[in-house]
Amino acid sequence: MRVLFTTIAAPTHLHAQVPLAWALRAAGHDVRVASQPDLTEAITGAGLTAVAVGPPLGADRWSQDVVEEVAERWEFTGDELWGPGGRMRWELFDLCELRRQRLTYDYVQSVLTAWTSLDHQLSCSAGMIDDLVAFTQDWRPDLVVRDPVTFAGSVAAIASGAAHARLLFGLDVFGHMRSTYLELLRGRVPALRDDPLQEWLGDVLARHGHPFTEQAVLGQFTIDPVPASLRLPVDHHYLPMRYTPYNGPATVPDWLREPPTRPRVCLTLGRSFRETLGGDRTAVTELLDAVATLDVDVVATLSNSQIPPGHPIPDNVRTVEFVNLDVLLPTCAAIIHHGGSGTSQTALIHGVPQVIVPAVLLDNHLKSSRVAEAGAALCGSAEKCTARELRALLSRVLEESSFAAAAARLRVEMLAAPAPADLVPALRRLTRALR
């Protein structure tokens with residue numbers, strides 16, 4: 001079986017795909033990973049075969065000129081787009097709303113318009129889509145597995161006749177918002193139905209000789225590494241898969257081989273904000289001050305650029321630019337983090353209680369609240385939490401046994417799901433049935 005994985009050029013998105021790609025490769029299947037040229041080194045560094053498609057995604061994807069040029073068509077104003085410091089207002093993209101009374105047509109239509117115009121069209125350029133379609137029509141994959149925001153993969157699968165699936169990295173907020181929107185559209189007269197995602201994907205598919213189909217949005221099925229107890233209610237075919245952490249090439253530092261003499265706490269803000277999204281949303285100074293007086297050993301995965309010049313590093317804090325969370329977290333009693341999918345999922349699979357200060361991005365807020373509702377975390381505010389408040393949250397998570405017990409229950413649930421290797425026969429059967 002030939003399997004094509006595809007994602008936008010974001011390393012954290014690739015990391016979610018590597019374990020399943022290697023499970024298929026180890027089972028003897030032919031595997032390729034397609035993305036923009038910016039990701040080629042990360043793909044080959046994971047030992048997989050890369051296919052470069054389209055122009056580089058580049059850091060200028062979110063530049064003011066590019067975004068405003070695209071946004072002009074969709075009538076977004078400058079005040080709507082930009083917040084303090086010239087940062088994109090991520091509130092425009094908030095997919096985490098679940099309250100029925102808030103999910104009005106105007107609200108959902110606005111969010112989907114923002115995603116279509118200010119993310120999807122910029123992430124999956126016409127050049128990337130055309131190159132990917134050309135490759136799939138030549139290589140003829142049996143199955144395309146795509147990142148949730150890489151709609152180029154759906155277009156290429158439909159154009160080449162391949163079966164196609166999404167591989168989630170967090171909660172299916174896209175699926176939930178899309179199903180909500182379709183329900184809202186059915187209640188409106190045809191003249192008042194405005195579907196920005198269908199408009200864009202319909203034009204792209206027509207360019208390649210195919211009509212729009214709803215399968216282009218959610219795929220024919222979805223591979224889901226999130227525990228079933230946290231999953232959103234979406235009427236869709238899901239295949240559960242055990243989350244398997246992958247953070248890129250890594251080594252185990254010597255200091256990590258020594259057992260901690262007191263509770264160890266991981267403090268991390270991930271890599272996405274500091275590398276591609278314009279800076280952290282949580283005040284690093286508040287985080288450092290929060291742990292300074294506690295009887296714990298803290299490992300903070302912070303770069304020098306994240307720590308304000310002159311701010312003291314507490315004696316109980318070790319700062320490291322990067323350490324593989326998969327090897328660090330088994331030694332930890334708790335973790336403080338920003339709510340990123342890879343970080344959250346790695347903490348869950350290792351049964352580590354969490355203090356989360358989520359920033360508004362993708363499913364961060366919703367995922368954090370659901371983990372907290374399950375009893376395995378406490379949540380603060382990325383924008384407003386003080387050192388005193390953070391210290392109180394961390395103290396509770398460390399001292400109250402209920403958090404560790406709830407984290408252990410979620411770990412057991414995750415371990416009960418099929419490992420990537422166990423999923424390979426099911427993917428083979430589904431692919432045969434769908435083609």
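The values are calculated or read from the model by the stated rules, or taken from the named source; none is laboratory data. What you see is a predicted model; the values in this text were computed from it and never measured. Glycine gets a Cβ as well: all are built from the backbone with ideal geometry, and neighbour counts include every protein chain shown. The area values use the complete protein model at the heavy-atom level, side chains included, leaving out ligands, DNA and RNA. Shrake-Rupley method; radii C 1.70, N 1.55, O 1.52, S 1.80 Å.
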Q | Residue selected from region 414-435 under the condition in a loop (DSSP other than H, G, I, E, B) and at pLDDT 95 or above, by the criterion surrounded by the most Cβ atoms within 10 Å (Cβ to Cβ) | A | A417
Q | Residues that are buried (at least 24 other Cβ atoms within 10 Å of the Cβ), under 19 Å from I129 (Cα atoms) and in contact (Cβ under 8 Å) with a residue 60 or more places away in the chain, drawn from region 15-34 | A | A34
(Q) Could you go through region 190-208 and let me know if any residue there is surrounded by 14 or more Cβ atoms within 10 Å (Cβ to Cβ) and small (G, A, S). (A) yes
Q) From the set of residues in region 369-389 that are of a type in the set (S, T, N, Q) and part of a loop (DSSP other than H, G, I, E, B), which is farthest from V352 (Cα to Cα)? A) T386
Q) Are any residues in region 87-112 open to solvent by less than 20 Å² (accessible area, probe 1.4 Å) and among the aromatic types (F, W, Y), and if so, which ones? A) F93
Q. Which of the residues belonging to region 95-109 are closer than 19 Å to R186 by Cβ and not charged (D, E, K, R)?
A. Q101, L103, T104, Y105, Y107, V108, Q109
Q: Tell me, yes or no, whether region 144-154 has at least one residue that is more than 14 Å from F174 (Cα to Cα) and either basic (K, R) or modelled with pLDDT under 95 (or both).
A: no
Q | Hits in region 351-401 (condition: within 21 Å of L168 (Cβ to Cβ), open to solvent by 20 Å² or more (accessible area, probe 1.4 Å) and of a type in the set (A, V, I, L, M, F, W, C)) | A | V360, L361, L362, A372, A374
Q | Wholly enclosed strands (runs of 3 or more DSSP E) of region 229-317 bearing at least 3 residues over 30 Å from R99 (Cα atoms) and at pLDDT 90 or above | A | 264-268, 297-301
Q: Can you confirm whether region 170-181 contains a residue that is in contact with a strand residue (DSSP E or B) (Cβ under 6 Å, 6 or more places away or on another chain), under 21 Å from E199 (Cα atoms) and buried (at least 22 other Cβ atoms within 10 Å of the Cβ)?
A: no
Q. With (1) modelled with pLDDT of 95 or more; (2) surrounded by fewer than 20 Cβ atoms within 10 Å (Cβ to Cβ) as the list, and L39 as the residue in question, which single condition is left unmet?
A. (2)
Q: Could you please find all residues in region 132-145 being over 16 Å from L434 (Cα atoms) and either free of Cβ contacts under 8 Å to residues at least 12 places away in the same chain or open to solvent by less than 10 Å² (accessible area, probe 1.4 Å) (or both)?
A: L132, V133, A134, T136, D138
Q) Given the conditions (1) closer than 16 Å to L410 by Cα; (2) part of a strand (DSSP E or B), which single one is not true for I336? A) (1)
